[in-house]
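Since the structure comes first, as C-alpha cells, the remarks are kept for the end.
The values are calculated or read from the model by the stated rules, or taken from the named source; none is laboratory data. Keep in mind that this is a model prediction, so the values were computed, not measured. We place every Cβ from the backbone using ideal geometry, glycine too, and count neighbours over all the protein chains shown. Only protein heavy atoms, including side chains, enter the accessible area calculation; ligands, DNA and RNA are left aside. Shrake-Rupley method; radii C 1.70, N 1.55, O 1.52, S 1.80 Å.
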Amino acid sequence: MEQLLTANVANNLYWFGRYLERIEATLIEAVYHFDRIIDIDKDSGKTFYKKLGVDLEYENAKEFLNVAVFGNHSANVYNLISYAKENAIISRSNMDTEAFGSVIELADLLKHSSHSSFSIDCRYIDYVLSLISGIWGELTRRQKRNNSDYFIRLGKLVEKVDFHLRIEKDKEFSLVLMEEIDKIVTRLAPDAKFKQHDENESYETILNSVNNKIKKIIVEE
C-alpha cells in the first residue's frame, strides 16, 4: 500500500532535507574558503558569505571559521540544525529511527559547541560532516523507498540547486540535478502535467514549477 502523508509531515520532511543539505554545503564551502584565506585571498570568505546574504567580518582564517559556523547571522549552522531538528521531530514517525537519533546527537553537539568557548578547526568540521554523511546513509539504506524518503530526497536536491546557483557555480550541473528532481516529482505526481526545463528559463520559474508540483503530491490534512 502506498504511504500517505499529511501536508504538514510532507512539508517537514522536505524542509528537513533542505536544511541538512544546506548545513553540509555551507561547511564544505567554509573549509574551502578557510584554505583560500590562508593561501590566496584574505577576503575569500567575505565574498562567499556575501552571496548568501551575510556580511561577515574576520581578521584571520581561524576567526573566519568561528564566525562562519556560529556567528550571529542567518547561515549560522546551529540555527540551521535547530530547524532541521524541529522538522525531524514533527515527522519522526516517518523517518528512520537511527537517522532521527543521529540528528538529535548532531543538534546536541552543535548546541554545546555554539554555547561554549570552543574554538573550531577543520578537524571539528570534518567530524560534523562525517555525522551528516552518516545520517544520509541511514536515510537511504532501505531497499524499498517510501514517499517520505522521496520528500527528503527532493528537499536535498532542491537545496543543492538553490545553493549551487546562489554561489554562482556551473549552471549545467544544476540542470543535471533538476532532471533528477523532475523524475522524483513525476514519480510522486504521475498525473500532473510536466514541463521540461532548459537553460533559457530562469531559476525562479523552475523552482516555482517544482514547488507547484510538490503541492499536488501532498495529501491535505
**Prompt:** What FRET efficiency do you get for Ile40 and Ser82 if R0 is 41 Å and r is their Cβ-Cβ distance, rounded to the nearest 0.05?
**Reply:** 0.75
**Message:** Once each part is reduced to its C-alpha centroid, what is the distance from the stretch 90-112 to the stretch 62-79 in angstrom?
**Reply:** 21 Å
**Message:** Taking just the alpha carbons, could you work out the radius of gyration and Dmax for the stretch 1-44, both in angstroms?
**Reply:** 17.9, 56
**Asked** Among the aspartates and glutamates, which fall within straight-line cross-link reach of Lys85, defined as a Cα-Cα distance under 18 Å, with same-chain neighbours fewer than 8 residues apart omitted?
**Response** Glu21, Glu24, Asp96, Glu98, Glu105, Asp108, Glu138, Asp149, Glu159
**Asked** Over the chain, what is the relative contact order in whole percent, taking alpha-carbon pairs under 8 Å and six or more residues apart?
**Response** 31 percent
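Please compute the per residue accessible area over the chain with all protein chains in place, 1.4 Å probe, rounded to a whole number of Å². Mind dumping the intermediate values first?
Details: 11650 Å² over 221 residues.
So the chain comes to 53 Å² accessible per residue, rounded to a whole number.
If each residue of separation counts as 0.36 nm, what is the full-extension length gain between Val31 and Arg142 once their alpha-carbon separation is subtracted? List each step's numbers first, then the result.
Details: separation 111, 0.36 × 111 = 39.96 nm, distance 3.16 nm.
Once the chain is fully extended between Val31 and Arg142, it gains 36.8 nm.
Filter Lys46/Lys169; Lys46/Lys171; Lys156/Lys215; Lys171/Lys215; Lys51/Lys160 down to the pairs with a C-alpha to C-alpha distance above 24 Å, please.
Values: Lys46/Lys169 17 Å; Lys46/Lys171 22 Å; Lys156/Lys215 17 Å; Lys171/Lys215 26 Å; Lys51/Lys160 15 Å.
Going by Cα-Cα distance, Lys171/Lys215 fall outside the 24 Å limit.
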**Item:** Sites Thr97 and Ser74, calculated FRET efficiency, Cβ-Cβ separation with R0 41 Å, nearest 0.05
**Value:** 0.85
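To the nearest 500 deg cm²/dmol, what mean residue ellipticity at 222 nm is calculated for the chain from DSSP H runs of n ≥ 4 alone, each contributing -39,500 (n - 2.57), summed and divided by the residues? Walk me through the intermediate numbers first.
Values: 9 runs with 153 residues, N = 221.
Per the formula, -23000 deg cm²/dmol.
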**Asked** Based on the Cβ-Cβ distance from Lys51 to Asp108, what FRET efficiency comes out when R0 is 25 Å, to the nearest 0.05?
**Response** 0.25
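Can you give me the Rg/Rh ratio for the chain, using Cα atoms for both radii and the Kirkwood formula for Rh? Mind showing how you got there, number by number?
On the way: Rg = 18.2 Å, Rh = 18.4 Å.
Value, to two decimals: 0.99.
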**Prompt:** For the stretch 1-57, with the dipole built from +1 on Lys and Arg beta-carbon atoms and -1 on Asp and Glu ones, taken about the Cα centre, which of Tyr32, Gly45, Asn12 lies farthest toward the positive end?
**Reply:** Asn12
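At 0.36 nm per residue, and after removing the present C-alpha to C-alpha distance, how many nm does the segment from Asn212 to Arg166 gain when stretched out fully?
14.4 nm
At a temperature of 25 °C and a viscosity of 0.890 mPa s, determine how fast the stretch 1-92 diffuses translationally according to Stokes-Einstein, using the Kirkwood radius over alpha-carbon pairs as Rh; express D in µm²/s, rounded to the nearest whole number.
Values: Rh = 14.4 Å.
My calculation gives 170 µm²/s for D.
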**Prompt:** Extension gain Thr186-Ser130, at 0.36 nm per residue separation less the Cα-Cα distance, in nm?
**Reply:** 17.0 nm
